[in-house]
Amino acid sequence: KHLWDGWAVILSVLVVVIIIVSLLSNVLVLICFLYNPEIRKQVPGLFNLNLTFCNLLLTVSNMPLTLVGLVSKAQPGGDGFCQIVGFLETFLSTNSMLSMAALSIDRWIAVVFPLRYHSKMRHKDAAFVLAYTWAHSMSFSTVAACLSWVGYHRLYASCTLSNPRASNRTQFVVFTIFFHSFTFLLSFIVLCVTYLKVLKVARFHCKRIDVITMQTLVLLVDIHPSVRQRCLEEQKRRRQRATRKISTFIGTFMLCFAPYVITRIVELFPAVPINPHWGIVSKCLAYSKAACDPFVYSLLRHQYKKTCTDIINKLLKRSSLNASGRQHESQVNSIPTVE
């Protein structure tokens, strides 16, 4: 019991940290989207907005209830309330996975077909993709809710996909495998195919730039060795940067979602025992994707960094103007008047 209490405290702190980071980072992405008209004009901004919307709603609706279930070791609220929350969890997690796949498709078109990007990926095309993600997510969550396959699951201390009845176990197993195949597996395949093609094109361009750079270095025989060394180091950094970005996109997706999905599949076989600690840890990993996404897809990009800097500078400038105004007013009020 004491060991479980220790784990409960650690996992509760972890959930609180994920909630805080996810809430602040996603709100910051939303502020940047509303503040910068250039971000709103870009097609990827729509996919980022949809992903941010899903992450924020998941953060304020599901994560706190998981924290309550973890601390109280009981279902938060009644059955009807838990079914609504479980419906939201299924819908939002599916929508966020498909939004990541849509972002990867957008990046693939932009890199592989740069001259035809604006004709292939317009705002109405992005709206059509988003309509599909919503329809896809809504269909699975509605089926699960109508068949009463959402409720409180003790293994994950949250309201999610669950089938307490043994009468329709076969149908639930088929649905669960079908659901994860057409959400997690489909998104993962799209991510791998698109980003690996992007990496291939990026490496090809890097190789062309490297050849031109080496030819230039050969011609410039009087170039200083330190300058030559810096050019070679920049070549290496350029190659590593593309690989690192692709690895981050695919790696965070797998690291956060794969343990939870695999646990859900293994759970379908009663003969395989699952540690209750691991069930909640896998759920926390899935939740952590909502905290990672703002950094992976938005906040570490130059445009968002510049927007955040502009917002901070504007706030500081306004506060300094207000402070100087108050100081000037106090100086005026302190001047003695002649009556």
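The values are calculated or read from the model by the stated rules, or taken from the named source; none is laboratory data. Here the structure is a predicted model, which means the values were calculated and not measured. A quick note on method: Cβ atoms are made from the backbone with ideal geometry, for glycine too, and the neighbour counts reach across all protein chains shown. Only protein heavy atoms, including side chains, enter the accessible area calculation; ligands, DNA and RNA are left aside. Shrake-Rupley method; radii C 1.70, N 1.55, O 1.52, S 1.80 Å.
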- request: Using a 1.4 Å probe and ignoring any ligands, DNA or RNA, find the accessible area of Lys317 and quote it in Å² to the nearest 10.
  value: 130
query: Projected onto the charge dipole of segment 1-305 (+1 at Lys/Arg Cβ, -1 at Asp/Glu Cβ, origin at the Cα centre), which of Asn55, Thr142, Ala110 gives the Cα projection farthest towards the positive end?
result: Ala110
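Working out 0.36 nm times the residue gap between Lys73 and Lys41, then minus their Cα-Cα distance, what length gain in nm do you get to one decimal?
Details: separation 32, 0.36 × 32 = 11.52 nm, distance 4.66 nm.
Taking Lys73 through Lys41 to full extension adds about 6.9 nm, to one decimal.
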- prompt: Round to a whole number: what % of the accessible area of segment 1-305 belongs to carbon and sulfur, probe 1.4 Å?
  reply: 72
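Say the cut-off is 19 Å between C-alpha atoms; which of Lys197/Lys245; Lys41/Lys120; Lys124/Lys245; Lys200/Lys245; Lys41/Lys305 go over it?
Details: Lys197/Lys245 13 Å; Lys41/Lys120 16 Å; Lys124/Lys245 28 Å; Lys200/Lys245 13 Å; Lys41/Lys305 17 Å.
Lys124/Lys245, as the Cα separations exceed 19 Å there.
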Compactness of segment 1-305 as Cα Rg over 2.2 N^0.38 Å, two decimals: 1.17
- request: Just subtract the alpha-carbon distance of Leu255 and Trp134 from 0.36 nm times their residue separation and send over the number in nm, one decimal.
  value: 41.1 nm
message: Cβ neighbours within 10 Å, averaged per peptide: list 138-150, 88-100, 289-301 in order, most packed at the top.
response: 88-100, 289-301, 138-150
